[in-house]
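A short worksheet on the structure shown next.
Computed from the coordinates by the stated procedures, all read-outs in this text should not be read as laboratory data. Computed from a predicted structure; not experimentally measured. Note that each Cβ is placed from the backbone with ideal geometry, even for glycine, and that neighbours are counted across all protein chains shown.
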Amino acid sequence: MGCVKNHYNKNSYYYRVGGLKDLTKLIPYFDSHPLKSKKLKSYILWKDLHSKIENKNHLNPILRESLKVLASKVNNNWD
């Protein structure tokens, strides 16, 4: 089960995730409140990756390779 916690000493919050079902709770929030930094690109890639994992694409050895490539692009600063 996920939960939102206030991060002490900073003006921020974090969401602790306990599994794939908890991750789906984040998608509507970030779709309604888009990120305004370079993290938006990472979020879009992550959301695509999450959807593919939910569809069990990771169980197919051929599709798994494309998921690895997609995962490597999340949070990268190369471009």
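Give the residue that is farthest from residue 73 (Cα to Cα), with candidates limited to residues of segment 40-60 that are in contact (Cβ under 8 Å) with a residue 12 or more places away in the chain and either touching a strand residue (DSSP E or B) at 6+ places or on another chain (Cβ under 6 Å) or basic (Lys, Arg) (or both).
It comes out as 52.
If you check 65, 54 for being closer than 18 Å to residue 17 by Cβ and over 11 Å from the mean Cα position of the chain (by Cα), only one passes: 54.
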